[in-house]
Amino acid sequence: MFAPRCPWCGEIIPINFKRRELRFMTDFCSKCGHEIKLKKDSRQFWLNALCNASLVALPAIKYENTVSSHIGIRTIRSFDHPYVKVSKHYVPEKRAKYKIVWDQKKVKHPNFWIIEDTVIILCFVDKNDIAISPMIAAALYTIEKVDKCTSKGILSFVKYGLLDKDYAAGTNFLVYCENKVVGRGVLEDDIHYPSF
């Protein structure tokens, strides 16, 4: 669904990491040059392992023609990018509380697949859905399930993610994935520096 993005600048991370381990991958962002260390999300890791195990258990005869093999292969392909960042070492300077209603036609089971630290691309809009900001990268620092297609929590604006100014509580925004709107959100407080 959401391609993994650099936690410093929001650029999409190509999955061609130089240093790979079973659960971790480390490399440098090609755009901003910062080191990125990612780990596989445990839910997707185990689902992927289960699908692989089911494929191994299938009979060798007419393997390609079995229904279960097609389902297993399709499931494995859906986990092309099962990675999230390891630490919050880059903690950005500005945050805000949010509420997002996900479009369930474009994001199936959002409260399961969308996890903390996912870097999303959003655009602030006015009441007529006309853009009032550039495309901005922000991490879902915390996520709390409200209902089947709604979540709320804290947005953490990544350091080089093009946040052009501080927006006030009540400002609407659209969430994008592959140039399509997949959610509509609103800020529940002003963008501000966190207090430590």
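The values are calculated or read from the model by the stated rules, or taken from the named source; none is laboratory data. None of these values were measured; they are calculated from a predicted model. A quick note on method: Cβ atoms are made from the backbone with ideal geometry, for glycine too, and the neighbour counts reach across all protein chains shown. Areas reflect the complete protein model, heavy atoms only, side chains present, ligands, DNA and RNA absent. Shrake-Rupley method; radii C 1.70, N 1.55, O 1.52, S 1.80 Å.
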ask   = Among (1) open to solvent by 80 Å² or more (accessible area, probe 1.4 Å); (2) at pLDDT 80 or above; (3) in a loop (DSSP other than H, G, I, E, B), where does H89 come up short?
value = (2)
remark   = Of the residues in segment 161-176, those that are open to solvent by less than 40 Å² (accessible area, probe 1.4 Å) and either closer than 14 Å to V101 by Cα or in contact with an Asp or Glu (Cβ under 7 Å, 6 or more places away or on another chain) (or both) number 3
ask   = In this structure, does V101 turn out to be in a strand (DSSP E or B), in contact (Cβ under 8 Å) with a residue 24 or more places away in the chain, in contact with a Ser or Thr (Cβ under 7 Å, 6 or more places away or on another chain) and open to solvent by 20 Å² or more (accessible area, probe 1.4 Å)?
value = yes
message = Residue pairs, Cβ under 7 Å, 6 or more apart or interchain, first in segment 150-173 and within 18 Å of D129 (Cα to Cα), second surrounded by fewer than 18 Cβ atoms within 10 Å (Cβ to Cβ) and among the acidic types (D, E). List them.
response = A168/D190; A169/E188; A169/D189; A169/D190
